[in-house]
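The values are calculated or read from the model by the stated rules, or taken from the named source; none is laboratory data. These numbers were taken from a predicted model, which means no experiment stands behind them. All Cβ positions, even for glycine, are placed from backbone atoms using ideal geometry, and neighbour counts span all protein chains on display. Ligands, DNA and RNA are stripped out before the accessible areas are found, and what is left, the full protein with its side chains, is counted by its heavy atoms. Shrake-Rupley method; radii C 1.70, N 1.55, O 1.52, S 1.80 Å.
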Amino acid sequence: MAFPFFRKKGSLIKTRVLIIGGGATGTGLARDLALRGVHCVLVEQGDINAGASGANHGLLHSGARYVSKDPEAARECRDESIILKQTASHCIEDTGGLFVAVEGDDEKFIADFPGYCSHCGISFREMDIKEARSLEPALSKNIIAAFEVADASIDPFKLVLENITQARKLGSTFIRNTKVVGFKKRKGHINTVNLVNVQTGEDLLIEADHVVNASGAWAGEIAALAGDPIDMIYSKGSLLITHSRITGRVVNRLRPPSDADILVPGGTVSIIGTTSARVDALDDIRPTAAEVDLIVDEGTAMLPGLESMRYIRVYSGVRPLIGTQTGEDDRYVSRGFDLVDHSGKGIENFVTITGGKLTTYRLMAEQTADLVCHRLGVTAPCRTQTELLPSAHAWKWTVPGIPSKEWLKDHKPDDFLLCECEMVPRSALDSIISAMGEHKKQLDLTTIGKRSRIGKGACQGSLCSIRVLVYLYDKGHLQSDQGVPHLRKFLNERWKGQRVLLWDMPLIQSELKEAIHCGFLSLEI
Amino acid sequence: MSHPEPIQCDLMIIGTGMAGMAAALFAANRGLSTVQAGVSSEVIYASGYMDLLGVHPIEDQKLWDNPWAGIEAMAREIPNHPYALMEMEDINTALEEFISFFHENGIPYQRKMAENVEVMTPVGKTRPTYFVPQSMWAGVEAMKAQHRCLLVDFQRMQGFSARQIAEVIGNKWPNVRPARIRFPEGDKLTELYPEWMARKMESPIIREKLARIIHPLLEDARVLGLPAILGMTRTKEVVEDFANRVGVPVFEIPTIPPAVPGLRLKETYEQYISGKGVRLLFPKRIGQVQQEPDGAFLLTVEDTVSNDRVRSRGILLASGRFLGGGLHAGRKRIEETLFDLPVFQPAARSEWHREDFFDPRGHPINRAGLEIDDTFRPLDISGQPAFPNLFAAGSILAHQDWMRMKCGSGLAIATAYAAVNAFVKQRVDKDLQA
Ligand SMILES: Cc1cc2nc3c(=O)[nH]c(=O)nc-3n(C[C@H](O)[C@H](O)[C@H](O)COP(=O)(O)OP(=O)(O)OC[C@H]3O[C@@H](n4cnc5c(N)ncnc54)[C@H](O)[C@@H]3O)c2cc1C
Ligand SMILES: Cc1cc2nc3c(=O)[nH]c(=O)nc-3n(C[C@H](O)[C@H](O)[C@H](O)COP(=O)(O)OP(=O)(O)OC[C@H]3O[C@@H](n4cnc5c(N)ncnc54)[C@H](O)[C@@H]3O)c2cc1C
């Protein structure tokens, strides 16, 4: 598992399968293959969930959302959500979901909805409006229809961390901060893949029997690098996190998919979104003030409390959608996934898996692994349909609300809280650090932020960032002045998600943060 | 509800931050009957360092060794910066008058007349400032002289690591040796807070116990550094006595705010300002202001118990920015909270903040605020003074970014001085006319 050779310049790693992309699909595939006894190397240009898997709504779809336009995706979601509720229940909050329509919404769509659901085999229950409002008092008075469905909320960070943790335990390797930059082919066969460590600039070569491109929205770029381009559409979506949880259940607007029509609760917060905008490039995806205003203005029809709500973060992701630029609303591009076998185009050991949903990541991994195993002559069957996803203790710190409950229940006297907003104690940091295994050397605030609630609370990371830094120095994880750039990077990373949300209380908080970090500490100079 | 007779005064000061404190002191020193109200105070967040001007132009991150030369350049290049409305001499007099109040009351300060000095922060990075609490001055000199230093921190105190500071400052000052020690009588507590420690340090017994813990660790160190815990209000005495006991000069490094150095200013102010004749209503919010036919203001103090009102001949608005409460940002625009004065601001929310939090140019929202005439009176939409007898000072003023320019305290104190003097002059002129 350790890779001492990694330090040398231009070192070479050999593996049976190289997976490109550390999102849900790539990590899910690593686990699936590992369970079949196939060791692989997973490479990721950033950290886990650097792409759409870290920037989505966290809705485990019952399928009801797709019944009108995409029955196949609806059925896949239905089946997969049932499997995941059984095998990965610790990553899921089985909230249930509602579809509600408000005055002025398309009556025909409302009337057709039960039929669509039945057609796709999606279970639902029509609900009395009074009952809906008493179950979810945050709903608008102007609701005219309500249906109950089996939606749930899923924690993508926990999910992905658990997948990669099990894969590594079974002997596979995960390499972060390392980007695929080229392929060396001979006679229709990829011999080696060229990579570069984005932090140190060091080169790396990987020789693999088979290469899987699981790079989400980047799949087109990677496939083009390998010599067989795929057409991708980049559809950017933005989401807002509320300061407190608004509803018990997932709430969907009962209308053809549009802006700001889903609210997903998780732990102590809710997430409202999304928007849909075509973008041309994948770098520097940031939410805008206009998107925030659109979400708040639109969302208010269903949930009037959103107008005066305090928001703690906004973020954007890019949906990996396969297709050609038709000019239609991107929400209508199929959410089904594509497994592209490039052997048809003369690259015999290369496949791409992209599109799809977080909800269907397991199925995507299964079908990809089936193909790869067939090629490699491995006959072991897929085990992820029934085998439980093990729970590695350390990752519980990603869930809003969990840390505080755990800490209050039972803590040692010197187990101070490093983050008071989200109640993350020292012991949490210790367990995160030890769970990182060989990655410990690359510890910084941003990495810890990804694996905990640090910096995600109301103070926007003003104080916990400093306390965590102190702790890392005291424990010997940081030397010389490297902590200062780490602090800047961490705050800037959080800033992306706060910048366009700053009015009222959050603005006051950010002014305090700037007064501390710039006014006083002068980190900007 | 019965309405008792309003409290009468010459000048009503709204705000108990740095600007409000300075204004009340200046007003009292000039013989004005003065009432002051404030809800909370940014002062408790202050590091203790009082900046005058550190950086200009901020986009070039040009640091000034001589802050006065920096102000001169800035006054030329940003003519609507509040400093540009003042004479250099007056800025200096303002600082001296303000600092001497704290000096007299146990919190002495030190500076070099024409020089910014390099001081330490709790993350280990250094920065320039102007006036430095005496309790921190030995650190400034020791760093310059590269003396060997023992820097201690405490078990069970969060957010301050001597090891971190020594590591970060290592390139500049390699002779800093960190040590973690226990605080006398701290063992019973789960977490140690600097404020509690500072109050403990006022006791000679605790100081002696701490000196004994530190003594064997000193070795070749010629100076001792600690987090800012050397007493709350009698700092001068505590520092001198403690240095005698350990046998080397000692200095403090401010901790992460809200911290002891800010609390010291606040407590010292509250304790001694009434002796100057200022009537301090704290913590009290001014809820409403009306203008009487004779031009005087009638202010309502928001309070559930009493219904105090104040009748004043003039108002000095030192209500701060968003944190202080003088400005409020809605989703669409920024407003001034008490008079709904026009606020200079970017055209849309999307322009308030830059994409990089640390962008050297600063965030445009930080330049938002009240525009004033040359006698520090806020303007209405027509560009005329909104009221003849309403003045403003401190961070609420537009066209400055104290966080990037490193001019927070200096700006608050200097503009308070200018505003109070403008009010005094106006009264004298009126009396002459009458
Ligand atoms: C706004 C939004 C909301 C969504 N909401 C939901 C939802 O509620 N429910 C749901 O089921 N689905 C949702 N989705 C869809 C879901 O998030 C994605 O389908 C899923 O996360 C894709 O996972 P992935 O692993 O295939 O891709 P990604 O998560 O994008 O992973 C690809 C990875 O490849 C890496 N990579 C790229 N190029 C390289 C390279 N050259 N070298 C190395 N690594 C590279 C990237 O850094 C990235 O981490 C949403 C998507 C968006 C954008
Ligand atoms: C984290 C932090 C670090 C700092 N570090 C430094 C530093 O290193 N160096 C330095 O020189 N300065 C520093 N400062 C201090 C800074 O310079 C001053 O606090 C700043 O200039 C603001 O001063 P002010 O008095 O204008 O406003 P504030 O301090 O914001 O005061 C506003 C006052 O108005 C009151 N108020 C508002 N509305 C009402 C109302 N309706 N009725 C009654 N009262 C009202 C508030 O209660 C408050 O008392 C720091 C400040 C902070 C927050």
* Asked: Which ones in region A:450-478 are without any contact (Cβ under 8 Å) to a residue 24 or more places away in the chain and aromatic (Phe, Trp, Tyr)?
  -> A:473
* Output the residue which, of all residues in region B:357-384 that are under 23 Å from the mean Cα position of the chain (by Cα) and away from chain A (no Cβ under 14 Å), is most open to solvent (accessible area, probe 1.4 Å). => B:371
* Mind checking which residues of region B:44-63 are away from every other protein chain (no Cβ under 11 Å) and either free of Cβ contacts under 8 Å to residues at least 60 places away in the same chain or crowded, with 24+ Cβ neighbours inside 10 Å (or both)? -> B:50, B:52, B:53, B:56, B:57
* Structure fact -> Of (1) under 20 Å from the mean Cα position of the chain (by Cα); (2) aromatic (Phe, Trp, Tyr); (3) farther than 20 Å from residue B:395 by Cα, residue B:83 fails just (3)
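Considering only residues that are within 15 Å of residue A:240 (Cβ to Cβ) and surrounded by fewer than 19 Cβ atoms within 10 Å (Cβ to Cβ), look in region A:278-300 and name the one that is farthest from the other protein chains (Cβ to nearest Cβ).
Our first condition is that a residue be within 15 Å of residue A:240 (Cβ to Cβ); within region A:278-300, this holds for A:286-300.
With the extra rule that they be surrounded by fewer than 19 Cβ atoms within 10 Å (Cβ to Cβ), the set shrinks to A:286, A:288, A:290, A:293-294, A:297-298, A:300.
On the way: A:286: 7, A:288: 7, A:290: 7, A:293: 7, A:294: 12, A:297: 10, A:298: 14, A:300: 12 Å.
Per the criteria, the residue is A:298.
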* Among residues belonging to region B:331-341 that are open to solvent by less than 50 Å² (accessible area, probe 1.4 Å) and in a loop (DSSP other than H, G, I, E, B), point out the one that is farthest from ligand 2 (Cβ to nearest atom). => B:331
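Going by what's in this entry, would residue A:74 be described as at pLDDT 95 or above and away from ligand 2 (no atom under 16 Å from the Cβ)? Even if it seems obvious, please write down each step before you answer.
Numbers: at pLDDT 95 or above: yes; away from ligand 2 (no atom under 16 Å from the Cβ): yes.
Taking the combined requirement at face value, the residue satisfies it.
Condition check: within 16 Å of ligand 2 (Cβ to nearest atom) and open to solvent by 10 Å² or more (accessible area, probe 1.4 Å). Does residue A:435 satisfy that?
On the way: within 16 Å of ligand 2 (Cβ to nearest atom): no; open to solvent by 10 Å² or more (accessible area, probe 1.4 Å): yes.
No: the conditions fail for residue A:435.
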* Hits in region B:227-261 (condition: away from ligand 2 (no atom under 16 Å from the Cβ) and either among the basic types (Lys, Arg) or assigned to a loop (DSSP other than H, G, I, E, B) (or both)) -> B:229, B:230, B:231, B:232, B:233, B:234, B:236, B:245, B:247, B:248, B:249
* Test: residue A:60 is touching a residue at least 24 places away in the same chain (Cβ under 8 Å) and crowded, with 24+ Cβ neighbours inside 10 Å -> yes
* Residues satisfying the stated conditions in region B:37-76, i.e. modelled with pLDDT of 95 or more, outside any loop (DSSP other than H, G, I, E, B) and near ligand 2 (Cβ under 9 Å from one of its atoms) -> B:37, B:50
* Asked: Could you say whether any residue in region A:66-85 is touching a residue at least 40 places away in the same chain (Cβ under 8 Å), under 25 Å from residue A:300 (Cα atoms) and part of a helix (DSSP H, G or I)?
  -> yes
* Asked: So, of the residues in region A:184-205 that are open to solvent by less than 30 Å² (accessible area, probe 1.4 Å) and in contact (Cβ under 8 Å) with a residue 24 or more places away in the chain, which turns out to be nearest to the chain's Cα centre (by Cα)?
  -> A:195
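Restricting to region B:392-411, name every residue that is open to solvent by less than 10 Å² (accessible area, probe 1.4 Å) and near ligand 2 (Cβ under 10 Å from one of its atoms).
Of everything in region B:392-411, those that are open to solvent by less than 10 Å² (accessible area, probe 1.4 Å) and near ligand 2 (Cβ under 10 Å from one of its atoms) turn out to be B:392, B:393, B:394, B:396, B:397, B:400, B:403, B:406, B:407, B:410, B:411.
From the list B:136, B:197, B:201, exactly one residue is closer than 26 Å to residue A:487 by Cα and either away from chain A (no Cβ under 14 Å) or in contact with a Phe, Trp or Tyr (Cβ under 8 Å, 6 or more places away or on another chain) (or both). Which is it?
Values: B:197 fails: closer than 26 Å to residue A:487 by Cα; B:201 fails: closer than 26 Å to residue A:487 by Cα.
Only one candidate passes the filter, namely B:136.
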* Does residue A:41 satisfy being under 25 Å from residue A:170 (Cβ atoms), open to solvent by less than 20 Å² (accessible area, probe 1.4 Å) and touching a residue at least 40 places away in the same chain (Cβ under 8 Å)? -> yes
* Determine whether region A:18-33 contains at least one residue that is farther than 25 Å from residue A:91 by Cα, at pLDDT 95 or above and open to solvent by less than 20 Å² (accessible area, probe 1.4 Å). => yes
* Structure fact -> With the first residue restricted to region B:190-217 and required to be of a type in the set (Ser, Thr, Tyr), and the second required to be open to solvent by less than 40 Å² (accessible area, probe 1.4 Å), Cβ contacts under 8 Å at 6 or more apart or on different chains are B:190/A:416; B:193/B:157
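Name the one entry in A:391, A:404 that is over 21 Å from residue A:151 (Cα atoms), part of a loop (DSSP other than H, G, I, E, B) and at pLDDT below 95.
Values: A:404 fails: part of a loop (DSSP other than H, G, I, E, B).
When all the criteria are applied, what remains is A:391.
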* To do: Take region A:173-183 and flag every residue that is open to solvent by less than 30 Å² (accessible area, probe 1.4 Å), part of a strand (DSSP E or B) and of a type in the set (Lys, Arg).
  => none
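Conditions tested, residue by residue: (1) surrounded by fewer than 23 Cβ atoms within 10 Å (Cβ to Cβ); (2) outside the structural domain of residue A:260 (by TED's automatic domain parsing).
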{"site": "A:70", "(1), (2)": "yes, yes"}
{"site": "A:74", "(1), (2)": "no, yes"}
{"site": "A:87", "(1), (2)": "yes, no"}
{"site": "A:95", "(1), (2)": "yes, no"}
